[in-house]
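The values are calculated or read from the model by the stated rules, or taken from the named source; none is laboratory data. Quick caveat, the model's predicted, so the values are computed rather than measured. Glycine gets a Cβ as well: all are built from the backbone with ideal geometry, and neighbour counts include every protein chain shown.
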Amino acid sequence: MASQPQKQPRRPGGEDDQSPEAAAQAKANPQASQQAEELDSLLDEIDTVLESNAEEFVSSFVQKGGQ
Amino acid sequence: MDRRIFGVETEFGISHRPVEGRGLPPDELARYLFRPVVEFGRSSNIFIPNGSRLYLDVGSHPEYASAECADLIDLIANENAGDRIMHDLAVAAEKAIHLDGFSGQIYVLKNNVDSAGNSYGSHENYLIPRTTHFRRLSGILLPFLVTRQIISGAGRVVPATDETEAHFAFSQRADHMWEGISSATTRARPIINTRDEPHSDAATHRRLHVIVGDSNMSTTTALLRYGSTDLVLRMIEAGVPIGDYELENPISAIRHISHDITGHAAVRVRGAEDHTAVQIQRGLLQRAQRFVAEHGAHHEHVETVLELWERALESVETGDHTLIDHDIDWAIKKRLVEEVADARGLEMGHRRLEQVDMAYHDVNPDRGLFHMLRRRGRATDVLDAGAVTEAMITPPATRAALRGQVVSTARAYGAQSTVDWVHHKLTDRPLDAVMLKDPFAVVDSRIDALLDKLGDRSSQLRERTLDERRGSGASLALTDRYALLGEPERDEPPLI
């Protein structure tokens, strides 16, 4: 039987630490840069609709058991 | 069966998030939500003009039971009408709590787990012939249902426990199934429920009740989920030989499969080598492909179902989830969770990702993350524009149309009616009750005769337009279909 998924640490990232090479690459590839823009716009929209306190939102979502 | 009746019952999770402090408890919130339902139907358990049923279930879950449908697209439209109704009720409830001095927003989530480990379901109903051998049915259907999560699971961000790291799983419901087959639901929570309430002629049919499924946001995923299950049932009913994948321990298998997103988890098959979920699903898919090639497609969506099924299995097998990340809920959600994690530098255990998971299931079309992805072309949809609005007011072409007719006609004449899935009566004429055992029936002379007693419908009733109905109730689904001619349109009471 296979094991549970192992933890895979993620490198902290974001728009701020995009390397100059990556930025240049994005410029050279209009499709990739459009995709990056769309993703940024999606993530921004998500931030506007999600309650900022994730911990409270999640922990307060408690139902009684159903079927 | 070439034609089959389908239905799905959805339990919703609810939450009130005030600007500060604690929200209203679920039972109080549910009462606010159902206020327009009670105003419309004088009860918190009613059949509505589109033929479906709205009610508050065990534990104050708002629940929507779709009308019986004979077509998969009708079923999905009717199911989604329920989501829209819940959203409408949330909007009305939010106004009501604000008038009562509470602040904040109300959330209705079409998901299956809360943060305390409670689970609530999405229960499918399939009409099957009574002659179906139950041992054969369960032997084939259980392994199919246990592994179906890899093609139709809703996906879940699973928080860390003492034993396991936080991770992404195929299914919401898998961890909450306790038995393979049983007659109880709340207590034993079996994958297949055997309580025998056929809601039709018990001599010829039974109603298969499946409670293992995740609630789907994607209509494409829903089509694959119901369509593949129908195909497997069809093969069981036809008596064709189907590979034997009987599982040694279905409950351990369903959990094991859910938590290994690589699809490599192997499970014990009785009298055979261990199988992965992909191997079991592929065996069943190949059998279904051969069956369709030999017997022909029994409805117009079969080809789409087979194509999606094949592609989903290839995606899990190869690990290339981009193949289905616009079509299958778990993959759509997984991509989103990974994008948020990458862009914001969050690890899998971060609460924000659990919040993204929950918000994916928000029925609010402006705020819900699945709806946001669909608007942005990141999720496919098998329904035409307008199909959900139509399904909110129009019953599908089954017995539900007759039920809707009784409800709407009685309301127009100001008469009380009592209906359930099978029975129809006007409260003033208890001896004229009509029992409709055939769920496929769309006309019935006894129903006509019953409604004729209220008046001359063709000259006295006028069908109200969509524009007239819009805005005349908390939800379009809770408005009257007919106006009685000769009486001015009466103003609906204000929504409070």
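Counting only residues that are away from chain A (no Cβ under 14 Å) and outside any helix (DSSP H, G or I), which one in the range B:85-125 is surrounded by the fewest Cβ atoms within 10 Å (Cβ to Cβ)?
B:101
Would you confirm, using the coordinates I've provided, whether residue B:414 is surrounded by 19 or more Cβ atoms within 10 Å (Cβ to Cβ) and either out of contact with any strand residue (DSSP E or B) (no Cβ under 9 Å at 6 or more places or on another chain) or more than 12 Å from every other protein chain (Cβ to nearest Cβ) (or both)?
Working: surrounded by 19 or more Cβ atoms within 10 Å (Cβ to Cβ): no; either out of contact with any strand residue (DSSP E or B) (no Cβ under 9 Å at 6 or more places or on another chain) or more than 12 Å from every other protein chain (Cβ to nearest Cβ) (or both): yes.
No; evaluated as a whole, the condition is false for this residue.
Please work out which one of (1) surrounded by 14 or more Cβ atoms within 10 Å (Cβ to Cβ); (2) modelled with pLDDT under 95 is the condition residue B:277 fails and give its number.
(2)
Taking the criterion of being under 26 Å from residue B:303 (Cα atoms) and surrounded by fewer than 21 Cβ atoms within 10 Å (Cβ to Cβ), would at least one residue in the range B:246-262 satisfy it?
We begin by selecting, within the range B:246-262, every residue under 26 Å from residue B:303 (Cα atoms); these are none.
No, the range B:246-262 has no match at all.
Tell me the residue from B:400, B:379 that is among the aliphatic types (A, V, I, L, M), within 14 Å of chain A (Cβ to nearest Cβ) and under 19 Å from the mean Cα position of the chain (by Cα), please.
Values: B:400 fails: within 14 Å of chain A (Cβ to nearest Cβ).
Just a single option satisfies the conditions, and that option is B:379.
When both residues are 6+ apart or on different chains and their Cβ atoms are under 6 Å apart, which pairs have a first residue that lies in the range B:86-105 and is under 21 Å from residue B:473 (Cβ atoms) and modelled with pLDDT of 95 or more, and a second that is crowded, with 19+ Cβ neighbours inside 10 Å and among the small types (Gly, Ala, Ser)?
Partner pairs satisfying both residue conditions: B:88/B:474; B:88/B:475; B:92/B:474.
Residue B:79 is checked against (1) surrounded by fewer than 24 Cβ atoms within 10 Å (Cβ to Cβ); (2) more than 14 Å from chain A (Cβ to nearest Cβ); (3) not aliphatic (A, V, I, L, M) and fails just one. What number does that condition carry?
Tallying (1) surrounded by fewer than 24 Cβ atoms within 10 Å (Cβ to Cβ); (2) more than 14 Å from chain A (Cβ to nearest Cβ); (3) not aliphatic (A, V, I, L, M), residue B:79 fails exactly one: (1).
Which condition number does residue B:335 fail, the rest of (1) free of Cβ contacts under 8 Å to residues at least 12 places away in the same chain; (2) farther than 20 Å from residue A:52 by Cβ; (3) within 13 Å of another protein chain (Cβ to nearest Cβ); (4) of a type outside the set (Gly, Ala, Ser) being met?
Condition (1) is where residue B:335 drops out.
Conditions tested, residue by residue: (1) in contact (Cβ under 8 Å) with a residue 12 or more places away in the chain; (2) within 22 Å of residue B:355 (Cα to Cα); (3) assigned to a helix (DSSP H, G or I).
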{"residue": "B:4", "(1), (2), (3)": "yes, no, no"}
{"residue": "B:9", "(1), (2), (3)": "yes, no, no"}
{"residue": "B:16", "(1), (2), (3)": "yes, yes, no"}
{"residue": "B:23", "(1), (2), (3)": "yes, yes, no"}
{"residue": "B:28", "(1), (2), (3)": "no, no, yes"}
{"residue": "B:38", "(1), (2), (3)": "no, no, yes"}
{"residue": "B:43", "(1), (2), (3)": "no, no, no"}
{"residue": "B:46", "(1), (2), (3)": "no, no, no"}
{"residue": "B:51", "(1), (2), (3)": "yes, no, no"}
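Within the range B:1-19, track down each residue that is crowded, with 23+ Cβ neighbours inside 10 Å and aliphatic (A, V, I, L, M).
B:5, B:8, B:14
Looking at A:62, A:49, A:58, which is the one that is over 19 Å from residue B:347 (Cβ atoms), surrounded by 14 or more Cβ atoms within 10 Å (Cβ to Cβ) and modelled with pLDDT of 95 or more?
Answer to the selection: A:49.
So which residues in the range B:194-234 are free of Cβ contacts under 8 Å to residues at least 60 places away in the same chain and either among the acidic types (Asp, Glu) or assigned to a helix (DSSP H, G or I) (or both), if there are any at all?
Correct list: B:196, B:197.
Any residue in the range B:444-461 that's more than 11 Å from residue B:484 (Cβ to Cβ): show its pairings with residues that are of a type in the set (A, V, I, L, M) and part of a helix (DSSP H, G or I) at Cβ separation under 6 Å, as long as the two are six or more apart or on different chains.
What qualifies is B:444/B:402; B:447/B:402.
Quick check on the range A:50-67: of everything there that is part of a helix (DSSP H, G or I) and more than 18 Å from residue B:338 (Cα to Cα), which residue is farthest from the other protein chains (Cβ to nearest Cβ)?
At the first step, the residues of the range A:50-67 found to be part of a helix (DSSP H, G or I) are A:54-60.
Adding the requirement that they be more than 18 Å from residue B:338 (Cα to Cα) leaves A:55-60.
On the way: A:55: 5, A:56: 8, A:57: 5, A:58: 5, A:59: 5, A:60: 6 Å.
By that ranking, first place goes to A:56.
Please find, among B:151, B:140, B:128, the residue that is closer than 23 Å to residue B:323 by Cα, of a type in the set (A, V, I, L, M, F, W, C) and either in contact (Cβ under 8 Å) with a residue 24 or more places away in the chain or buried (at least 24 other Cβ atoms within 10 Å of the Cβ) (or both). Explain how you work it out, then say what you get.
On the way: B:140 fails: closer than 23 Å to residue B:323 by Cα; B:128 fails: closer than 23 Å to residue B:323 by Cα.
The match here is B:151.
With the condition kept exactly as written, say whether any residue in the range B:48-67 is away from every other protein chain (no Cβ under 14 Å) and surrounded by fewer than 24 Cβ atoms within 10 Å (Cβ to Cβ). I'd like the intermediate steps shown before the answer.
Step one: list which residues in the range B:48-67 are away from every other protein chain (no Cβ under 14 Å), which gives B:48-54, B:66-67.
Still in the running and surrounded by fewer than 24 Cβ atoms within 10 Å (Cβ to Cβ): B:53.
Checking the range B:48-67: at least one residue is away from every other protein chain (no Cβ under 14 Å) and surrounded by fewer than 24 Cβ atoms within 10 Å (Cβ to Cβ).
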